[in-house]
Amino acid sequence: RELFQPRPGNRLIEWDYKGIEVVVSACINRDPALLTYVKDKTRDMHRDQALLLFERSREEYDALPKDLAKQERYLAKNGFVFAEFYGDYWKKITPNIWYRLPEATTEHLRDRGYKTLKQYANHVREVEEDFWSRRFPVYNEWKEQSWIDYKRRGYVDLVTGFRCYGPLSRNQVTNLPIQGPAFHCLLWTLIQAEQEMAIHVPERTMLVGQIHDAALGDVHPDDEALMDNIMRKWGTEMIREQWEWISVPLTMEKSRSEVNGNWMDLEDCGPV
C-alpha cells in the first residue's frame, strides 16, 4: 500500500463500513440475538464467543493482559464466528485455532484438560452446536430454508433486486444473499456520492477506489469535512430510505493519511 499516494497537497481517506456483512445478515435473517448484537454497542459477539472457546469467565477475560485478550478475541472472530457464518465447521475450524493459540492460552487450555488437538476439537464441536442451536437458532433456520428453496427453484434472489442462478453450493446459497447486498450498499453509496461531488466538490478531490468494505478518496484538506458529510449522508442515512430492508443503523468509520502520505500509514479517526 505504500505505493499508493495522493496527488500533491492531498491526503488519502478511507470510509469503511463497520461490520457491514454482519449487519446485512441480521437484517435478512432477522435472528433476534444477532440483531441485539448489532443494535447494542455495549455487546460484543466476538468476546462472548472467546469466553466459550477458551473457557474463561468474563472476569478472567477482563483481567487478561490487553494483548492476550485481543488475540483471543481475534481468534474467536476470524477463526470461529466468521468461519461458521460463511459455512465452515468444527473439523476445519479447530486446527486453524489450535495452531495459532498464544502460549498463555495453550497453557490455560491444558489446565482445563485440553492437551491435544483431538480433545480440543471435541470442545469446539460442542461450542458449534451451542452456537447454532441456542445462540442463533433463527439464523440457522434461515440457512436451512434457503437451501430448501434453492433446490426447489434453482436460483437465489437478493434483496437488492438481483437473481443468482446455479449450480450453487450450499455455502454460496447462504452467503450470496448476504455478501452481495453488503457490497451493493458500498456501490450504491459510491454512485450517489459521485453524483453529488460532481456538483459540489472541486475536481481537486475525487473517489479513486474501493477495497473490501471501504471507499477510498484522494482528498484536498479543504474538502475533507464536505466529503465526510457526503459519505455519511449517502452511506448511513439516505441508503436506509432507498432500501427499507436495512432495519438497523449502518456505521462508517474514517481513517486518513497525512497530507502527501500513503495508503499504508492511515490514522483512525472514528465514526464519520
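The values are calculated or read from the model by the stated rules, or taken from the named source; none is laboratory data. The structure presented is a predicted model; accordingly, all values stated were derived computationally and were not measured. So basically every Cβ, Gly included, is an ideal-geometry build from the backbone, and we count neighbours across all protein chains shown. For accessibility, only protein heavy atoms count, side chains too; no ligands or nucleic acids. Shrake-Rupley method; radii C 1.70, N 1.55, O 1.52, S 1.80 Å.
Here are the numbers for this structure:
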{"read-out": "Tally, over the stretch 148-165, of residues that are touching a residue at least 12 places away in the same chain (Cβ under 8 Å) and open to solvent by less than 50 Å² (accessible area, probe 1.4 Å)", "value": "6"}
{"read-out": "Residue that is least open to solvent (accessible area, probe 1.4 Å) [pool: residues in the stretch 46-78 that are closer than 17 Å to E103 by Cβ and not in a helix (DSSP H, G or I)]", "value": "F54"}
{"read-out": "Test result for F82, out of contact with any strand residue (DSSP E or B) (no Cβ under 6 Å at 6 or more places or on another chain) and within 23 Å of V248 (Cβ to Cβ)", "value": "yes"}
{"read-out": "Criterion violated by T205 - all others in (1) in contact with a helix residue (DSSP H, G or I) (Cβ under 7 Å, 6 or more places away or on another chain); (2) polar (S, T, N, Q); (3) within 30 Å of N140 (Cα to Cα) satisfied", "value": "(3)"}
{"read-out": "M231, sole failed condition from (1) assigned to a helix (DSSP H, G or I); (2) surrounded by fewer than 20 Cβ atoms within 10 Å (Cβ to Cβ)", "value": "(2)"}
{"read-out": "Index of the failed condition, L168 passing every other in (1) modelled with pLDDT of 95 or more; (2) open to solvent by 20 Å² or more (accessible area, probe 1.4 Å); (3) out of contact with any His (no Cβ under 8 Å at 6 or more places or on another chain); (4) not in a loop (DSSP other than H, G, I, E, B)", "value": "(4)"}
{"read-out": "Residue satisfying condition, being over 23 Å from the mean Cα position of the chain (by Cα), free of Cβ contacts under 8 Å to residues at least 24 places away in the same chain and within 24 Å of A33 (Cβ to Cβ), within set E103, E126", "value": "E126"}
{"read-out": "Residue identified as touching a His at 6+ places or on another chain (Cβ under 8 Å), open to solvent by less than 60 Å² (accessible area, probe 1.4 Å) and not aromatic (F, W, Y) among T236, T205", "value": "T205"}
{"read-out": "H200, sole failed condition from (1) in contact with a strand residue (DSSP E or B) (Cβ under 8 Å, 6 or more places away or on another chain); (2) open to solvent by 30 Å² or more (accessible area, probe 1.4 Å); (3) closer than 30 Å to F4 by Cβ; (4) not hydroxyl-bearing (S, T, Y)", "value": "(1)"}
{"read-out": "Residue among T106, T94 that alone is among the polar types (S, T, N, Q) and in contact with a Lys or Arg (Cβ under 9 Å, 6 or more places away or on another chain)", "value": "T94"}
{"read-out": "Check on Y120, more than 24 Å from the chain's Cα centre (by Cα) and more than 21 Å from R170 (Cβ to Cβ)", "value": "yes"}
{"read-out": "Pairs, first under 16 Å from G19 (Cα atoms) in the stretch 55-82, second open to solvent by less than 70 Å² (accessible area, probe 1.4 Å) and assigned to a loop (DSSP other than H, G, I, E, B), C-beta under 8 Å, six or more apart", "value": "R73/D44; A76/F54"}
